[in-house]
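Novice: Structure in structure tokens, see below.
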Amino acid sequence: MNSTNKYKRYQRQILLHEFGEAAQEKLQNAKVLVIGAGGLGCPALQYLAAAGVGTIGIVDFDVVDISNLQRQILYTVEDIGKSKAETAVSKLAALNPEIQIRSFNFQITNENALQIISDFDLVIDGSDNFPTRYLVNDACVILDKPLVYGAVLRFEGQVGVFNLADKHSNIKTNYRDLFPESPDSTSKLSCNEVGVLGVLPGIIGTMQATEAIKIIAGVGQVLANKIISYNALSNSFYDFEITPAKNETITFPKNENEFLNFNYEWFCKSQSIKGEISISEFDALRRIEKITIIDVREMAELPLVDEFLYIHIPLVNFEKFISTIPQENKIVIFCRSGKRSLKALEILNKKLPNCIAFSLAGGIESWKINNSNS
């Protein structure tokens, strides 16, 4: 784009004293990745493209459904059944053909997240589920990329900025400081279940784009370590500060290898469902954090276990000695087949309801067989 056309396209923001041509150049050289081309992603993408962000990436494996059109205004009836990511690329290219737009028409996972995100300067999270939010957050922390967070439900929405140091305190928080553990099942209702006012994602997604532009351009006061919450019914805003979580037992991957082995679906499920844990989940949990393992079999009962450390409390004495069980870590209980451990788990949940505990599905015999075959 020649300088005359460039000035005409972006004239209204270049005229801003706090912005100017220098900030516009920063936008042109920036690379922003948007996770999700849905309710939040659509407005964020449109304003990023219109503002002149040089490279925009879109991650979404879903297709357009008629139920999306009430709030995902990037699409029309003619787009139903088409890929959201690919459709968004064509719509944004028509809006601003002078920028580069890349689509990732597949689900973001442990295996591809670090590779995708590493090529961008900043990430906007427009996802709609907790496993993806934790996954994207952890990838951004490992890669040291700023993350613009947004969420909507019913008539309320939130926006904030993670993994960006405050200019004054130099404190840098992330999504796990807001939610050290995945919210319980009552908080996991989605827009599919309880609905959302159609204009609300537009408001929050636009605010996410605003924060991204401010971060790139280096203007204004960014929402680093802060959440703004908006209620459309009462037309009210309130904000609160995020401080680093102090719980040293929080489970999170600290490097690329741990990230690749972290089970986000299980992590989000396990915080609210105190039931059985599979063999693979048990092995993954032992690798990534310190846990308390309890054997409720009788003394000298086979098979012998010397692959890991555990506490031996036979089921017959379990309730009597329950006060001796450490409560600072997650707890996994096992027996021979998994039946007695479920009974012990029931007792533990009644006596120590704040513990996060599981019963090893299939028992130690199944675990032995599985590990001998692997």
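The values are calculated or read from the model by the stated rules, or taken from the named source; none is laboratory data. Every value quoted in this text rests on a predicted model; they were computed, and no experiment measured them. Cβ sites come from the backbone with ideal geometry, for glycine too, and all protein chains shown count toward neighbours. Note: accessible area is taken over every heavy atom of the protein model, side chains too, but ligands, DNA and RNA are not part of it. Shrake-Rupley method; radii C 1.70, N 1.55, O 1.52, S 1.80 Å.
Novice: Compute the distance in nm between two label points, each set 7 Å from the Cα along the Cα-to-Cβ direction, one at V199 and one at N329.
Specialist: 5.3 nm
Novice: Which value, in Å² rounded to 10, gives the accessible area of E328 with a 1.4 Å probe and all protein chains present?
Specialist: Taking all protein chains as shown, E328 has close to 110 Å².
Novice: Could you provide, to the nearest whole Å², the per residue accessible area of the stretch 1-146 with probe 1.4 Å? Intermediate results must be reported in sequence, preceding the final value.
Specialist: Working: 6550 Å² over 146 residues.
Result: 45 Å² of accessible area for each residue.
Novice: Which of the lysines could be linked to K351 by a straight reach, that is with a Cα gap under 27 Å, when you skip same-chain ones fewer than 8 residues away?
Specialist: The reachable lysines, counting only those whose Cα sits under 27 Å from K351, are K188, K246, K269, K274, K290, K320, K330, K339, K343.
Novice: Between V63 and K351, what's the calculated FRET efficiency when r is the beta-carbon distance and R0 is 30 Å? Round to 0.05. It would help to have the intermediate numbers written out before the result.
Specialist: Working: r = 49 Å, r/R0 = 1.62.
Step by step, r from the Cβ atoms, then E = 0.05.
Novice: As a test of reading the structure, rank R340, R71 by solvent-accessible area (1.4 Å probe, protein chains only), most first. Show your work: numbers first, answer last.
Specialist: Details: R340 70, R71 40 Å².
Heavy-atom accessible area, descending, gives R340, R71.
Novice: With every protein chain left in place, what is the accessible area per residue of the stretch 269-374 in square angstrom, probe 1.4 Å? Could the numbers behind the result be given before it?
Specialist: Numbers: 5500 Å² over 106 residues.
In whole numbers, the stretch 269-374 has 52 Å² accessible per residue.
Novice: Need the list of aspartates and glutamates near K26 for cross-linking: C-alpha distance under 12 angstrom, and skip anything on the same chain fewer than eight residues off.
Specialist: D121
Novice: Which residue, T292, T324, T76, tops the fluctuation ranking in a GNM of the chain built on C-alpha contacts under 10 Å?
Specialist: Checking each option, the largest mean-square fluctuation is seen for T324.
Novice: Largest first, how would S83, S236 line up by accessible area (1.4 Å probe)? Numbers along the way, then the final one.
Specialist: Working: S83 15, S236 45 Å².
Largest to smallest exposure gives the sequence S236, S83.
Novice: Would any residue of the stretch 137-172 have its amide N under 14 Å from a label point 7 Å out along Cα→Cβ of S236? List them or say none.
Specialist: 156-157
Novice: If you don't mind, there's one more thing I want to ask. What is the set of long-range amide H partners of I333 at a cut-off below 5 Å, with H atoms built 1.01 Å from backbone N?
Specialist: I294, F358, S359, L360
Novice: Rounded to the nearest 0.05, what FRET efficiency do I80 and T109 have when you use their Cβ-Cβ distance and R0 = 22 Å?
Specialist: Details: r = 26 Å, r/R0 = 1.20.
The calculated FRET efficiency here is 0.25.
Novice: Further question: How much accessible surface does H312 have with a 1.4 Å probe, in Å² rounded to 10?
Specialist: Near enough 60 Å² of accessible area.
Novice: How would you classify the stretch 46-129 from its alpha-carbon gyration tensor, with a ≥ b ≥ c the square roots of the eigenvalues: rounded for a/c under 1.5, else prolate if a/b is greater than b/c, otherwise oblate? Let's see the in-between values first.
Specialist: Details: a/c = 1.94, a/b = 1.16, b/c = 1.67.
Here the stretch 46-129 falls in the oblate category.
Novice: Here's something else I'd like to know. What shape does the stretch 212-367 take by its C-alpha gyration tensor, where a ≥ b ≥ c are the square roots of the eigenvalues and a/c under 1.5 counts as rounded, a/b above b/c as prolate, and the rest as oblate? Write out the running numbers ahead of the final one.
Specialist: Values: a/c = 3.09, a/b = 2.20, b/c = 1.40.
Taking the square roots of the gyration eigenvalues as a ≥ b ≥ c, the stretch 212-367 is prolate.
Novice: Take S366, S67, S341 and sort them by solvent-accessible surface of the protein heavy atoms, 1.4 Å probe, largest at the top.
Specialist: Working: S366 45, S67 70, S341 0 Å².
From most exposed to least exposed: S67, S366, S341.
Novice: So, one more: Return the carbon/sulfur percentage of the accessible area of the chain, one whole number, probe 1.4 Å, all protein chains in place.
Specialist: Values: 9340 of 18080 Å².
The C+S portion of the solvent-accessible surface of the chain is 52 percent.
Novice: Candidates (1) 1.24; (2) 1.16; (3) 0.93; which is the computed Cα Rg over 2.2 N^0.38 Å?
Specialist: (2)
Novice: Give the distance, in whole Å, between the Cα centre of the stretch 155-170 and the Cα centre of the stretch 15-63.
Specialist: 18 Å
Novice: Please work out the FRET efficiency for the pair R102 and D144, using the Cβ-Cβ distance as r and a Förster radius of 25 Å; give the result to the nearest 0.05.
Specialist: Values: r = 21 Å, r/R0 = 0.85.
The calculated FRET efficiency here is 0.75.
Novice: Let me ask another. What order, most packed first, do the peptides 51-57, 296-302 have when packing is the mean number of other Cβ atoms within 10 Å of each residue?
Specialist: Details: 51-57: 21.6, 296-302: 13.9.
Highest-to-lowest ranking by the protection proxy: 51-57, 296-302.
Novice: Next up: List, in order, the whole-Hz ³J(HN,Hα) value for each residue of the stretch 293-302 obtained from phi through the Karplus relation with A = 6.51, B = -1.76, C = 1.60 and θ = phi - 60°; use x for Gly and Pro.
Specialist: Computed from phi, the couplings for the stretch 293-302 are 10, 10, 9, 9, 6, 6, 4, 6, 6, 8 Hz.
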